[in-house]
Every structure is written in C-alpha cells, then in structure tokens.
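Worksheet for the structure shown next.
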Amino acid sequence: MLVQSTNHTLFARTFSSKLDLSFKPNTPARSVGAGLPAIVNWARLLLQASRVRSFVAQPVFSKHFSTSVAEISPSAVPESACSKIHAWNQHRLTSDQLQFQALATEFARKELLPFAAEWDEHKHFPVDVIRKAANLGFGGLFCAQDVGGSQLSRADGAVIFESLAYGDISTVAYLTIHNMCCSLIDRFGTTEQRKDWLPRLTSLELLSSYSLTEPSSGSDAASLQTTARQVHGGSDYILNGSKAFVSGGGVSDVYLLMARTGPLGAKGISCFLVEKGMPGLSFGRQEDKLGWRSQPTATVILEDVRVPESNLLGKEGQGFNIAMTGLDGGRINIASCSVGGAQFCFDAALDYVHTRKQFGKAIIEFQSTQFKLADMVTALQASRLMVANAASSFDLGAPGASASIAMAKRFATDTCYDICNDALQLHGGYGYLKDYMVERYVRDLRVHSILEGTNEIMRVVIARHLKS
C-alpha cells in the first residue's frame, strides 16, 4: 500500500517531534539509548513510526511524498522512484539493515537533498548538518560503543552510505572519510588515544581528515617525502612536508597524516595525529573543483611542526599498513556513495522519460529508451551487489578481500558514473542545466574513479592477487 501525503506529513511530524538532531558537544553518540548505540535506537523509532503505512518498503523519494517535492524545484527531483529495485533488494538485507536504510533515507530527504544544490553553488561546508548526522550515530559507524561508536559492520555501512549519498554525494563523501579516520584510531590507537580522541570525533565535536597524498606522490604512495624526525634527546617528532587534495583541509581539527620516520619505502612510514593549531601547521588555498564543492579541499603544509610521541598512531614503521587498511574501507564507502548517486540519477531519468514527449508520445515508449533504462538498472544492481560482496569480505577477513574490494571500487565507480551520464543524456539539453540535479551528480561522481586509489591502481591490485 502506498503512503498518502497526509499520512506522510503526520509521520514526519511525529518523527521530527521525537528526533532532536541539534548538535550537543561532548555528548557521545551512544548516549541516546540505554546500552545501545544511537543509530539502533533511532532506527527502531523510525521503523515503529513508519509502520503507519509501511514506509520502509517504499521508494526513497515517492511522488506521494509531496512535502519533500514541494521544498525543492518540482522539475529537479524525481517524483517517483523505481519501487521494484527496492523490492529486489529487500530479501538480502537484515532487519537491522532495513531500519538503518530507513533512518539514512529520512535524514537524506530532510537534511541533505533540499539544500545540496545551494551548498554546491556557494561551496558551503554544512558542518551543522554533518553534526546532526552524528546524533544518529553516523559519526563513528565502525567504532566501538565504549567511545561513542555505533559498532556496525561494513555491510551495514554500505547500506547507510548509499542511502545518504542519494541526497548529496559531496557532503556524505566527507562523512565517509571522517568515519575512516575514526575507525583507524579505534583499531590502531592505544587505550589513551581511543578515550582521548574518539568520543569527540564520533560525536563530530571534532572533524578529521585523512592525509596521505602529496604533490609528488599520488598512486606511488610509498614514495612520500614528508618527514618526521625525532627530537635529539627527546620523544617529540618534528614534521616537515606537505599533503595534497586533503578533504576537510583547513577546517578539520585533526589530520591522520603519514610521514617518513625511516628509510625509503613502505616500511619507513609512520602515522601521526596532527592537530589544527599546532605551530608550523598551515594550509594552502581552497581548491576550486569540478565536483565535491560542498566540502573544502586544501594542501596541508608542515613546517617544523612539533608533534608529541603520544600522537603517534600505532608503531613506527606501521603507517603504510594503517594507510592501506584505511583505504580498503574507504573504497567500500566511496563505491557505496557511487551507487547512491547513480540510484538518484536513474530515478530522475525514469521520471523524466515518462513525462517528456516527442513525436507525439512519451519517450519511454521508444524501444531505444527502454533498452537504455534496462542496461542502466542492470549495471546499477550489479554495482550494488559487488559492493555488498566486498563489504562482507572485509567484515569476514576473507582471503582476497582486498582484491574483492578493488574490483567493487573499480566497477561501481566507473559504472555508476556512466549511469549518471546516461541519465543526463536522457534529459537532453535540460540535463545540462543546473535546474535539474543530474548534472551535479555527474560532476560529484567523476572524482570517485580517482580517489581512494585510482581505478588504474585497482587493476594493479587485482592483477597482483591473480599472480600470487
């Protein structure tokens, strides 16, 4: 049974009255419920409210959700989603994942989609909205509960990030990077580091950035030149060098940064937590990018930055392993965002071809359009399933997990970009206008084939596993 707009309005008011998304500093995400992470409590609350009209089983944005469409330009938002696609995936999700999906979907609908175009246009970083996400448990999805995390699996995270990215790829992509940093501190940090940093990070009181790439070392990450020399007769480190393309650069409070403490090569790299405000730490200009415009990107510059030994994450020489562990998770996250963006564009195209008429009939009636849509939805579903498989392999520590992740990242990011581009093509000239949201998704998705390891490097990773 479809949800009628009057019921949805009642549902939204009921849910909003119970859900306080305002940012509360120093409040761990898990404090919302008794002994459970916030995300589980909010998801259950949402599921209970949604049972008024079986909301969970409905498309992400339905034409019956008139309140959401009214908040934005009617020509820009898909008025109906492909409910069959959601039905096709219900059977493989656990009951918890269905609840997480509904929670993330509601957040995307209310907090991201209505404002994403404005953030993109003005290059506005919506920190206030990101912090609202933390109150639902989205600030530390993979961290333990004792430090405010939600302690979910990567398979859970893939469902959540896909649903969130439907509303805004750029902002959610930053959130995935923050989650990657948090998970690394949780996994490799000392007891003191975990308790000192993670409650403030999982609540998003503090923002974090991942800093590996340098102006002269991109794909060849092990050749990085930033140095960390221990002070003679002391325990502090002095860091010198620079990091390029840092998401959150200049805004984030802590930078998970790789620097060379030993000889050339991977074994000479260590990982540090560098705090904004440390003397000698500065930032380049904000980059003017094709996409991902709602999050800042800048060069991080280190000139004799003194970092205490207590900010060394893991052991000396372990930094490259920490970096690659982070990238395995990051590749799942960014592939999930690609699927979410592609789903939005497919839904928008499906709506458009039903309403756009040429030669006396809706263009959906032309077989060429039908075949194009069939190919798009097949590629979308294949991408989603590859990401799900990669996430499960990560969770289980399966043999060849890194290869499975590389396959999913390579396939999903390339394929989902093509889906978005095809959706733009189906819109014709209108797809090229900012009045329609598809062009922004095309711009935002383009970088996914480059970051977290280029797709050429993904092929190297896959081939390396084939040879071993």
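Please treat every number below as a calculation from the coordinates, not as lab data. Predicted, not measured: the structure shown is a model, and the values here were computed from it. Neighbour counts are summed over all protein chains in view; Cβ atoms, including those assigned to glycine, are modelled from backbone coordinates with ideal geometry.
Worth pointing out:
- 3J(HN,Hα) along the stretch 264-274: 4, x, 5, 6, x, 9, 10, 10, 10, 9, 9 Hz, from the Karplus curve 6.51 cos²θ - 1.76 cosθ + 1.60 with θ = phi - 60°, whole Hz, x for Gly and Pro.
- Extension gain, ILE301 to LYS357: 0.36 nm times the residue separation minus the Cα-Cα distance gives 14.7 nm.
- Our summary gives the stretch 114-192 a relative contact order of 26 percent, counting only alpha carbon pairs under 8 angstrom and 6 or more residues apart.
- Here the extension length gained between ALA382 and ALA87 equals 104.7 nm, from 0.36 nm per residue of separation less the Cα-Cα distance.
- With both labels modelled 7 Å from their Cα along Cα-to-Cβ, the GLN425 to GLU192 distance reads 5.9 nm.
- Scoring 382-395, 401-414, 358-371 by mean Cβ neighbours within 10 Å over their residues and listing the highest first yields 401-414, 382-395, 358-371.
- FRET efficiency, 1/(1 + (r/R0)^6) with R0 45 Å, evaluated for LEU466 and GLU365 via beta carbons: 0.50
- Positive contributions from Lys and Arg (+1) and negative ones from Asp and Glu (-1), summed over other residues with Cβ under 13 Å from the Cβ of PRO215, come out at -2.
- Of the peptides 212-223, 337-348, the order by per-residue mean of other Cβ atoms within 10 Å, starting with the highest, comes out as 337-348, 212-223.
- Other residues within the sphere of radius under 15 Å centred on the Cβ of LEU273, judged by their own Cβ, net out at 0 (K and R +1, D and E -1).
- Which listed pairs, of LYS132/LYS276; LYS132/LYS434; LYS132/LYS267; LYS289/LYS361, have C-alpha distances above 31 Å, in listed order: LYS132/LYS267; LYS289/LYS361
- For the stretch 365-413: relative contact order, % (alpha-carbon pairs under 8 angstrom, 6 or more apart): 35
- Net charge of neighbours whose Cβ lies under 13 Å from the Cβ of MET407, counting Lys and Arg as +1 and Asp and Glu as -1: +3
- The stretch between GLN286 and ASP220 holds 21.3 nm of extra length on full extension. This uses 0.36 nm per residue minus the Cα-Cα distance.
- Using the alpha carbons alone, the radius of gyration of the stretch 135-246 stands to its Kirkwood radius in an Rg to Rh ratio of 1.04.
- Normalising the average separation of contacting C-alpha pairs (under 8 angstrom, six or more residues apart) by the number of residues puts the relative contact order of the stretch 295-445 at 29 percent.
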